[in-house]
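Novice: Pasting a structure below so you can have a look.
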């Protein structure tokens, strides 16, 4: 039974690793551009076959197969599920890399791989049928649950990164605007200085403004794709200042001070939560080890003494 569980666990880890490797593979446009530069340096024209072979295996085989499966699954998936998946991908910052249909297809493919692998491994095993059904069902459920769990952790990590970098970005925006730059130029300075989720969001806002979108709409769209309360309040204050004609420099100064205060409050909150979170490892891991180290020799001495023989000791 232990060997069967180990095999099932290894199969699940292998399937998840294949999915992650496929998603982290280099983009096809970058590989194609590099290959074109290489062939241009050789002084000859590249053929269509050479261009196709220059792409990585994930772009030539895995991605087209995944897209075909995603188109088939998208027609059978409810629109509400696709909309919710699209929203989660936007919150995770992955909407430009993977579509909702592809993500749903990954969930079903991983579910089938893990469930089918568990069926192949547990089928010949001599264990009760109820346990087989339970383990195979758990493998199916795990394959469907893992991508959603990974996406949720990606959303939380992105939001934490935005919260961490927001006060510093507001400080730089305030300094640039008070120095005489426009708000758009100040955002460009933030994009130039840092490379994080917030700076990439600012870069997207600047691109949308250059394409003709109103700044307040671009900022509101940025806040919607983050779902961070501090960013939403910051964007609302900027939009209100723009509509009422209030100085943006003053608004940025007030927002910057408030963000620093909130960051200090979050740090204090986490510091107060630390003792409560430490109770479980202290009680169940540290205290038993200390008791064994401190009381173990004493217990052995007592058992070897006359007192130990009274209670039946050796």
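Novice: Residue check: is residue 249 free of Cβ contacts under 8 Å to residues at least 12 places away in the same chain, closer than 21 Å to residue 180 by Cβ and crowded, with 16+ Cβ neighbours inside 10 Å?
Specialist: Details: free of Cβ contacts under 8 Å to residues at least 12 places away in the same chain: no; closer than 21 Å to residue 180 by Cβ: yes; crowded, with 16+ Cβ neighbours inside 10 Å: yes.
Criteria not met by residue 249.
Novice: Report, ordered by the first and then the second residue, all pairs with beta carbons closer than 9 Å, sequence separation of six or more or different chains, a first member in segment 270-294 that is farther than 30 Å from residue 164 by Cα, and a second member that is exposed (fewer than 10 other Cβ atoms within 10 Å of the Cβ).
Specialist: Pairs that qualify, where the first residue is farther than 30 Å from residue 164 by Cα and the partner is exposed (fewer than 10 other Cβ atoms within 10 Å of the Cβ): there are none.
Novice: Then there's this: Can you confirm whether segment 89-106 contains a residue that is part of a helix (DSSP H, G or I), surrounded by fewer than 17 Cβ atoms within 10 Å (Cβ to Cβ) and either within 26 Å of the chain's Cα centre (by Cα) or modelled with pLDDT under 85 (or both)?
Specialist: No: segment 89-106 contains no residue that is part of a helix (DSSP H, G or I), surrounded by fewer than 17 Cβ atoms within 10 Å (Cβ to Cβ) and either within 26 Å of the chain's Cα centre (by Cα) or modelled with pLDDT under 85 (or both).
Novice: Out of the residues in segment 108-124 meeting the condition of being without any contact (Cβ under 8 Å) to a residue 40 or more places away in the chain and surrounded by 14 or more Cβ atoms within 10 Å (Cβ to Cβ), tell me which one is farthest from the chain's Cα centre (by Cα). Please lay out each step first, then the result.
Specialist: The first filter runs over segment 108-124 and keeps only residues without any contact (Cβ under 8 Å) to a residue 40 or more places away in the chain, leaving 108, 111-112, 115-116, 119-120, 123-124.
Remaining after also requiring surrounded by 14 or more Cβ atoms within 10 Å (Cβ to Cβ): 108, 111-112, 115-116, 119.
Working: 108: 19, 111: 20, 112: 23, 115: 25, 116: 27, 119: 30 Å.
That would be 119.
Novice: It is to be established whether one or more residues within segment 98-105 are touching a residue at least 60 places away in the same chain (Cβ under 8 Å) and within 28 Å of residue 200 (Cβ to Cβ).
Specialist: First, pick out the residues of segment 98-105 that are touching a residue at least 60 places away in the same chain (Cβ under 8 Å): 98.
Adding the requirement that they be within 28 Å of residue 200 (Cβ to Cβ) leaves 98.
Yes: one or more hits.
Novice: Go through segment 125-220 and tell me which helices (runs of 4 or more DSSP H), entirely inside it, have 3 or more residues that are touching a residue at least 24 places away in the same chain (Cβ under 8 Å) and farther than 18 Å from residue 235 by Cβ. Before the answer, list the steps.
Specialist: Values: elements: 129-178, 183-193, 197-210.
Here the list reads 129-178.
Novice: Please state which one of 254, 301, 276 is surrounded by 10 or more Cβ atoms within 10 Å (Cβ to Cβ) and at pLDDT 85 or above.
Specialist: On the way: 301 fails: at pLDDT 85 or above; 276 fails: surrounded by 10 or more Cβ atoms within 10 Å (Cβ to Cβ).
Residue meeting the stated conditions: 254.
Novice: Could you list, in sequence order, the residues of segment 151-184 that are under 20 Å from the mean Cα position of the chain (by Cα) and surrounded by fewer than 16 Cβ atoms within 10 Å (Cβ to Cβ)?
Specialist: Within segment 151-184, the subset under 20 Å from the mean Cα position of the chain (by Cα) is 151-166.
Within segment 151-184, 152, 153, 156, 157, 160, 161, 164 qualify.
Novice: Kindly indicate whether any position in segment 77-87 is touching a residue at least 12 places away in the same chain (Cβ under 8 Å), surrounded by 19 or more Cβ atoms within 10 Å (Cβ to Cβ) and part of a helix (DSSP H, G or I). First the steps, then the outcome.
Specialist: Initial filter on segment 77-87 (touching a residue at least 12 places away in the same chain (Cβ under 8 Å)): 77, 81-83, 85-86.
When the remaining residues are screened for being surrounded by 19 or more Cβ atoms within 10 Å (Cβ to Cβ), the result is 85.
Now restrict to residues that are part of a helix (DSSP H, G or I): 85.
Yes, some residue in segment 77-87 is touching a residue at least 12 places away in the same chain (Cβ under 8 Å), surrounded by 19 or more Cβ atoms within 10 Å (Cβ to Cβ) and part of a helix (DSSP H, G or I).
The values are calculated or read from the model by the stated rules, or taken from the named source; none is laboratory data. Keep in mind it's a predicted model, so treat the numbers as computed, not measured. Glycine also receives a Cβ, built like all others from the backbone with ideal geometry; neighbour counts cover every protein chain displayed.
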